[in-house]
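Report on the structure given below.
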Amino acid sequence: DGGITQSPKYLFRKEGQNVTLSCEQNLNHDAMYWYRQDPGQGLRLIYYSQIVNDFQKGDIAEGYSVSREKKESFPLTVTSAQKNPTAFYLCASSAGSTGELFFGEGSRLTVL
Amino acid sequence: GQQVMQIPQYQHVQEGEDFTTYCNSSTTLSNIQWYKQRPGGHPVFLIQLVKSGEVKKQKRLTFQFGEAKKNSSLHITATQTTDVGTYFCAGPESQNFNKFYFGSGTKLNVKP
């Protein structure tokens, strides 16, 4: 089945450790996005990529890094520089800038 | 940056009552999309509106796009417990269609 897969679903880390969240899609979509969602809040854009080997910062990119070496994959690294990393992270893809977003099931990161 | 505001933040209704959520953008939107996120889930695409003044219906759901393309609404007639969730509007940034912004969301609770 076509879709977008995020892993892990739940992740616990100690403060000061970098963590990488995986996002893979087999929808052949060019565009991929990372959003952060805090409890009771909306979605805030971290990074987005419209094409392989290119990505752009969203509104809250500080403390995060991404790569887009393959069309199917858009991993997000939460670095130790991110001051408040505990959140629900959602990856999405779309066929183009005006297409609907397809979301993965999310990764819930808790920093202890 | 672009602001997409939604009101109300929360809405509690009795099953069978109607529900409306409103979305307002600080800038003109080329299109607007609506998503539903069930508790503990990920956002799922509902619909996209593109034309000024457009109205679309999906069973009990009615979506409107304002004449100035700066606001939108979602109206649910005769709510059911299956309507529970958070409803988000989303649209591309006016200067950069590749940046997709989400509203703050309206959380709907339906009492049986």
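How do the pairs read when you match residues in region B:93-112 that are more than 26 Å from residue B:38 (Cβ to Cβ) with residues anywhere that are among the basic types (Lys, Arg), using Cβ under 8 Å and keeping only pairs 6 or more apart or on different chains? That search, which allows pairs on different chains as well, returns B:93/B:99. Identification of strands (runs of 3 or more DSSP E) wholly contained in region A:1-73 with 2 or more residues that are surrounded by fewer than 20 Cβ atoms within 10 Å (Cβ to Cβ) and touching a strand residue (DSSP E or B) at 6+ places or on another chain (Cβ under 7 Å) yields A:4-7, A:10-13, A:19-25, A:43-51, A:54-57. Of the listed requirements (1) at positive phi; (2) modelled with pLDDT under 95, residue B:59 misses just one: (2).
Quick check on region B:70-83. Is at least one of its residues under 15 Å from residue B:26 (Cβ atoms), surrounded by fewer than 20 Cβ atoms within 10 Å (Cβ to Cβ) and out of contact with any helix residue (DSSP H, G or I) (no Cβ under 7 Å at 6 or more places or on another chain)? Scanning region B:70-83 turns up at least one residue that is under 15 Å from residue B:26 (Cβ atoms), surrounded by fewer than 20 Cβ atoms within 10 Å (Cβ to Cβ) and out of contact with any helix residue (DSSP H, G or I) (no Cβ under 7 Å at 6 or more places or on another chain).
Being under 10 Å from the mean Cα position of the chain (by Cα), closer than 29 Å to residue A:87 by Cα and modelled with pLDDT under 95 is true of residue B:103. Test residue A:47 against the stated conditions and say whether it is over 27 Å from residue B:108 (Cα atoms) and either within 8 Å of another protein chain (Cβ to nearest Cβ) or in contact with a Leu (Cβ under 9 Å, 6 or more places away or on another chain) (or both). Criteria met by residue A:47. Restricting region A:87-112 to residues that are β-branched (Val, Ile, Thr) and either under 16 Å from residue A:20 (Cβ atoms) or crowded, with 18+ Cβ neighbours inside 10 Å (or both), the residue that is farthest from the other protein chains (Cβ to nearest Cβ) is A:111.
Only one of the listed residues (A:83, A:57) is farther than 23 Å from residue B:93 by Cα and among the charged types (D, E, K, R). That residue is A:83.
Here B:35, B:10 are screened, and the one residue that is within 10 Å of chain A (Cβ to nearest Cβ), loosely packed, with under 14 Cβ neighbours inside 10 Å and either among the β-branched types (Val, Ile, Thr) or touching a residue at least 12 places away in the same chain (Cβ under 8 Å) (or both) is B:10.
Residues in region B:76-90 that are in contact with a Lys or Arg (Cβ under 9 Å, 6 or more places away or on another chain) and not hydroxyl-bearing (Ser, Thr, Tyr) were compared, and the one that is farthest from residue B:50 (Cα to Cα) is B:80.
Checking the stated criteria, residue A:81 turns out not to satisfy the condition of being within 14 Å of chain B (Cβ to nearest Cβ) and surrounded by fewer than 20 Cβ atoms within 10 Å (Cβ to Cβ).
The values are calculated or read from the model by the stated rules, or taken from the named source; none is laboratory data. What you see is a predicted model, and the numbers here were worked out from it, not measured in a lab. Cβ sites come from the backbone with ideal geometry, for glycine too, and all protein chains shown count toward neighbours.
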